[in-house]
Structures are given as C-alpha cells and as structure tokens.
Amino acid sequence: MSRTIKYLINEGIPFTFILIYLVGLVFFFVPFTRDLFIFITPYTLVLVTVAIFSHHKEWNKQTIAVLASIFIISSAIEIIGVATGEIFGDYYYGTGLGVKIAGVPILIGLNWIFLVYASNGIVSKYTSNNILIVVGAALLMLVYDIVLEKAAPLMDMWAFSENNPPLSNYVMWFLLALLFNALLQAFKVRTINTSARWLFFSQLAFFSIIVGQYLFF
C-alpha cells in the first residue's frame, strides 16, 4: 500500500489528477450526485493545490512572501469587485467555492496563486525571456478564464448579473495576470513544476467538457 501511495504522490500524480477530474465529470453530469459534486469541490481544490505545491523544490521566505502577496492582493480586489461591481463587472459568488469573507470565497486567493504559478511554469519551460514569460503566462490565464467564465455558473461558483461577463472582466483579469507574473519573475520564484502543468491542463479540459456539453448537446 505504501508503494502505491508513494507512486500516486510522485510519478503517478498526472494520472491521479486525470482520475479526479474524470470522477468529477461523472458526479457533475449525474443529477443524483450534482449536489455532492458542488459540496466537495472546495475540498478537492485544496487537496490538488496542496499536491502541486508539495512538489515545489525551492521554498524560501521570498517565495512565501510573493505567493502570500498574490493571495492578499487578489482577495482584496475580488472583495472590492463584488462590493462595487466596478472592477470585473456586476457579479456574485455562489456556494461552489465554499466559505466566504465579505461575499468572496477564501479559495479565490488560493486559486489565483495556483493559476499564476502554473501558467508561469508552463511558459518558463520553453523560454527564459522575462517579458515572454510574463505576457505568455498572462495570455494563457486569459484563455483559461474565457472557458472558466462559461463553466462557473453551471457549477454554482459565480455568475454575472447580465449572464455574460463584460469586456472589463477580461481586461482586468489579463492586467492582474501580468502583474502577478511580473512579481514571480522579479523575485525569481522558480515555477517549473510538472504537477502544476498537469493540474492546469486537467482543469482546463474539465471546464471545456462541461461548457461543451451545455453548448452542443
């Protein structure tokens, strides 16, 4: 048993992520388990995020400070955005992401950390040019967001009052992605992490399937 667990934690983690999201699709599409899917979503997000950061190899005070800053800044902006409707548009959070503070799930800050870290690591694998990394990772996050915005209401994560997000949502998402990736590059946070890449694309595929099911079937 210990060898199996060790394999899943290390070499088998890509398979583990794929399995988790395949099971998630079943839970989501079967009406009987839909409520259970929404209930366990926050716990699943915490679990997989812990899994990818357990594979980060260069922990130090600087890395922790940068990731904590991303968490605090993103959470604060989300709180202001929900309260005013002036940053991302007029939107609200549902129950799909768990416990909230001032109308914003605590997990939102953690999700920003993961997406910035993973997208940065994906682009960093292919280039060492800081500008290309920052812009490329921000564009990758924008593509992710375009898909996620369609899936989020279906999963009771969040929804916009006018159904479709305004252009300002995507503009602000891209600008924040640029800022946070610039922070990672400025403080030389090493983000190349195979587990993070697998989780990023597993989630993107997961959301794409959900959106595709409702658009074409």
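Any read-out appearing in this document is the output of simple, stated calculations on the displayed coordinates, not a laboratory observation. Note that the structure is predicted; figures quoted are calculated from it, not measured. Note that each Cβ is placed from the backbone with ideal geometry, even for glycine, and that neighbours are counted across all protein chains shown.
Counting only residues that are under 24 Å from I40 (Cβ atoms) and of a type outside the set (G, A, S), which one in region 53-81 is surrounded by the fewest Cβ atoms within 10 Å (Cβ to Cβ)? Checked region 53-81; the qualifying residue surrounded by the fewest Cβ atoms within 10 Å (Cβ to Cβ) is H55.
For region 166-177, the criterion of a residue being buried (at least 16 other Cβ atoms within 10 Å of the Cβ) and among the polar types (S, T, N, Q) is satisfied by at least one position.
Just to be sure before I move on: is S168 touching a helix residue (DSSP H, G or I) at 6+ places or on another chain (Cβ under 7 Å), in a helix (DSSP H, G or I), polar (S, T, N, Q) and in contact (Cβ under 8 Å) with a residue 24 or more places away in the chain in the structure I sent?
It is false that S168 is touching a helix residue (DSSP H, G or I) at 6+ places or on another chain (Cβ under 7 Å), in a helix (DSSP H, G or I), polar (S, T, N, Q) and in contact (Cβ under 8 Å) with a residue 24 or more places away in the chain.
Taking region 180-205 as the range and being charged (D, E, K, R) and part of a helix (DSSP H, G or I) as the test, only R197 passes. Screening V134 on (1) without any contact (Cβ under 8 Å) to a residue 24 or more places away in the chain; (2) assigned to a helix (DSSP H, G or I); (3) of a type in the set (V, I, T) shows it passes everything except condition (1).
Taking region 184-217 as the range and being aliphatic (A, V, I, L, M) and surrounded by 19 or more Cβ atoms within 10 Å (Cβ to Cβ) as the test, the residues that pass are L184, V189, A196, L199, I210.
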